[in-house]
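Some notes on the structure that comes next.
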Amino acid sequence: MGKRVLQQRRGKASPTWRAPSHRYAGEISYPKERGFVRGTVRDILHSTGHSAPLALIRFDNGEESLVPAAEGTLVDQKVCCGPGAEHREGNILTLSEISDGTAICNIEIRPGDGGRIIRASGSYAYLTSKEGKMVNVRLPSGAVKRLSALCRATIGVSAGGGRIEKPLIKAGTKHYKMHARNLRWPRSSASARNPVDHPFGGGGHTHLGKSQTISHDAPPGRKVGSIAARRMGKGKK
């Protein structure tokens, strides 16, 4: 029968594939208080599971929050959150209060979820336009996403930009990078394996030896490659 293919083992959600969250600094969240509140940056933390440094903010109401630090954030810096906050980097405002063309990060998808997108180091989005209760935000990919005007975001660019410009240089560095999130590395290509290890394995060369497209009705052990692909190859102009 051979081994289970990689997709099957990953889908089983065993400890091999679970991220080691016990080593993370904590969960990213905005304060529960929706009104105006002031805070102070107590520390800048490095978290294994996040590419950007995290700012530990203690607010005047006693609540503490971990948010991705914006570029230029310093320890003991004063931060404001809520309606009426000053429009400057590091402050947290609702999208309805942020002017068009402003770079923002750590944006909520739904009001109150604490920030879900644009959290990687050096990433940012632009607020392009407002349409009543909805706001249009241009993501780094170029796509435009419509969000509720009540969603909150941090003004500025997420800190830690340029991280991927530095080469890893050696395999050991790559090992620790992948190990931080429990990603399996190194991994060989499917066509380089034995026939018992993968449907694409076997043969004296790297060609698959069969079509890469597969039906939706195929059994789990065979459902690898281009599943129910409409077409293959480079598109013709």
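The values are calculated or read from the model by the stated rules, or taken from the named source; none is laboratory data. Everything numeric here is computed off the predicted structure, so don't read it as measured data. Neighbour counts are summed over all protein chains in view; Cβ atoms, including those assigned to glycine, are modelled from backbone coordinates with ideal geometry.
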- Out of segment 14-43, which residues are under 20 Å from residue 90 (Cα atoms), part of a loop (DSSP other than H, G, I, E, B) and basic (Lys, Arg)? 32, 34
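Across segment 13-43, which residue is nearest to residue 86 (Cα to Cα) among those that are of a type in the set (A, V, I, L, M) and touching a residue at least 24 places away in the same chain (Cβ under 8 Å)? Even if it seems obvious, please write down each step before you answer.
So the first thing to find is which residues in segment 13-43 are of a type in the set (A, V, I, L, M), and the list is 13, 19, 25, 28, 37, 41.
Within this subset, residues satisfying the condition of being touching a residue at least 24 places away in the same chain (Cβ under 8 Å) are 19, 25, 28, 37, 41.
Working: 19: 37, 25: 28, 28: 22, 37: 12, 41: 16 Å.
Step by step, filter segment 13-43, then rank; the result is 37.
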- Go through (1) more than 30 Å from residue 166 (Cβ to Cβ); (2) outside the structural domain of residue 92 (by TED's automatic domain parsing) one by one and return the number of the condition residue 10 breaks. (1)
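Residues are listed down the side, and each one gets a yes or a no for (1) out of contact with any strand residue (DSSP E or B) (no Cβ under 9 Å at 6 or more places or on another chain); (2) of a type outside the set (D, E, K, R); (3) under 30 Å from residue 178 (Cα atoms); (4) not assigned by TED's automatic domain parsing to the domain that holds residue 123:
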| site | (1), (2), (3), (4) |
| --- | --- |
| 43 | no, no, yes, no |
| 55 | no, yes, yes, no |
| 59 | no, yes, no, no |
| 62 | yes, yes, no, no |
| 67 | no, yes, yes, no |
| 73 | no, yes, yes, no |
| 93 | no, yes, no, no |
| 97 | yes, no, no, no |
| 100 | no, no, no, no |
- Task: Specify the residue that is nearest to residue 178 (Cα to Cα); the eligible residues are those in segment 1-13 that are part of a loop (DSSP other than H, G, I, E, B) and of a type outside the set (D, E, K, R).
- Result: 13
- Query: Which condition number does residue 132 fail, the rest of (1) over 30 Å from residue 36 (Cα atoms); (2) loosely packed, with under 13 Cβ neighbours inside 10 Å being met?
  - Reply: (1)
- Are any of the residues in segment 102-111 free of Cβ contacts under 8 Å to residues at least 24 places away in the same chain, surrounded by fewer than 15 Cβ atoms within 10 Å (Cβ to Cβ) and in the same structural domain as residue 52 (by TED's automatic domain parsing)? no
- Query: Can you name the condition, by its number, that residue 57 falls short on among (1) at pLDDT 90 or above; (2) touching a Phe, Trp or Tyr at 6+ places or on another chain (Cβ under 8 Å)?
  - Reply: (2)
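Residues checked against (1) in contact (Cβ under 8 Å) with a residue 40 or more places away in the chain; (2) assigned to a loop (DSSP other than H, G, I, E, B); (3) over 30 Å from the mean Cα position of the chain (by Cα); (4) surrounded by 10 or more Cβ atoms within 10 Å (Cβ to Cβ):
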| site | (1), (2), (3), (4) |
| --- | --- |
| 178 | no, no, no, yes |
| 184 | yes, yes, no, yes |
| 195 | yes, yes, yes, yes |
| 200 | no, yes, yes, yes |
| 208 | no, yes, yes, yes |
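Filtering segment 64-84 down to residues that are of a type in the set (D, E, K, R) and farther than 20 Å from residue 116 by Cα, which residue is surrounded by the fewest Cβ atoms within 10 Å (Cβ to Cβ)? Write out each step before concluding.
In the first step, residues of segment 64-84 are kept if they are of a type in the set (D, E, K, R); the result is 64, 71, 76, 78.
Filter again for farther than 20 Å from residue 116 by Cα, leaving 76, 78.
Values: 76: 8, 78: 12.
Among those residues, the one meeting the criterion is 76.
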- Query: Yes or no: residue 149 modelled with pLDDT of 85 or more, assigned by TED's automatic domain parsing to the domain that holds residue 109 and surrounded by fewer than 10 Cβ atoms within 10 Å (Cβ to Cβ)?
  - Reply: no
- Of (1) in contact with a strand residue (DSSP E or B) (Cβ under 6 Å, 6 or more places away or on another chain); (2) in a loop (DSSP other than H, G, I, E, B); (3) crowded, with 20+ Cβ neighbours inside 10 Å, residue 89 satisfies every one except (3)
